[in-house]
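The values are calculated or read from the model by the stated rules, or taken from the named source; none is laboratory data. A quick note: this is a predicted structure, and the numbers were derived from the prediction, not measured. Cβ atoms come from the backbone with ideal geometry, glycine included; neighbour counts cover every protein chain shown.
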Amino acid sequence: MIVITDLDGCLLDARTYSWEAHRETLADLKRRAVPVVFCTSKTRAETEALRREMGNDDPFIVESGGAVVLRDRTIVLGTPYPEVLFAFDQLKAATGARGFSDMTPEEIAADCGLTIERVRLAKQREYDEPFRCAVDPTAQAVALGFRCSKGGRYWHLHGDTDKGKAVRALLRAAGGGPTVGIGDSMLDLHLLEATDVRCAIARPDGTHDEVLEANFPDLRRFSNWSEAILGTVLSP
Ligand SMILES: [Mg+2]
């Protein structure tokens, strides 16, 4: 079994970003040599800091499928950040969007409830620009030859990448399976499409994402990350 999991709202608490509640479960998975692959919209710098904290040394996927980081190499799937920013400048002119690159670390910290140190890591972007936008920017993004996704707080502008493509690239390169996918929002739609077992974690209000529910008749609903692991990987 391989666990492929989103971080925010899944392994990390949606409000506090803490993974403390799942320390025992992670240790259990490690004892059983079950890989836990992080598949996140976070940057490589942010994800590496979290992996160090948690003692995770499995491959991982960053910036919503921008790159797959294996032990000995990195598979780049995303469009380089300078090209994304070049397109973002045009998107900005058309929509009034405001991106991570326009915001100070203090502004982002206040927005996301992250420490300044974590924001510095979050600003080290390689393939994807998060931004605020009052209107739906999808049409402009597509006209520029890019893709747009909607996350919790931000829109994201990026090349032709998604978490599902990255999961498939990782499995092709590293082998393995069967896979258990864990997500909490429509940003995880393609992640769950690419895994054998699909788990949705409840949002802070206790409900599950409607897009995930509508797309997967076999979706398994859980109230938190450890419960999903216990219900799938560690179940007798
Ligand atoms: Mg999430």
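A few comments on the model shown:
- Filter result for LEU187 (in contact with a strand residue (DSSP E or B) (Cβ under 9 Å, 6 or more places away or on another chain), modelled with pLDDT under 95 and either closer than 18 Å to GLU20 by Cα or not in a loop (DSSP other than H, G, I, E, B) (or both)): yes
- Residues in region 156-180 that are under 30 Å from ASP136 (Cβ atoms) and in a helix (DSSP H, G or I): LYS163, GLY164, LYS165, ALA166, VAL167, ARG168, ALA169.
- Residues (assigned to a helix (DSSP H, G or I), surrounded by fewer than 17 Cβ atoms within 10 Å (Cβ to Cβ) and aliphatic (A, V, I, L, M)) located in region 206-236: VAL211, ALA214, LEU230
- Here ARG203, ARG153 are screened, and the one residue that is in contact with a Cys (Cβ under 9 Å, 6 or more places away or on another chain), not in a helix (DSSP H, G or I) and not small (Gly, Ala, Ser) is ARG153.
- Helices (runs of 4 or more DSSP H) (entirely within region 1-98) containing at least 3 residues that are within 16 Å of the ligand (Cβ to nearest atom): 44-54
- Matching residues in region 162-184 - criterion: being over 17 Å from THR232 (Cα atoms) and either hydrophobic (A, V, I, L, M, F, W, C) or surrounded by 23 or more Cβ atoms within 10 Å (Cβ to Cβ) (or both): LYS163, ALA166, VAL167, ALA169, LEU170, LEU171, ALA173, ALA174
- Any chance ASP205 is at pLDDT 95 or above and either more than 24 Å from GLU46 (Cα to Cα) or assigned by TED's automatic domain parsing to the domain that holds GLY65 (or both): yes
- Of all residues in region 103-122, those satisfying the criterion of being assigned to a loop (DSSP other than H, G, I, E, B) and either touching a residue at least 40 places away in the same chain (Cβ under 8 Å) or within 15 Å of the chain's Cα centre (by Cα) (or both) are GLY113, LEU114.
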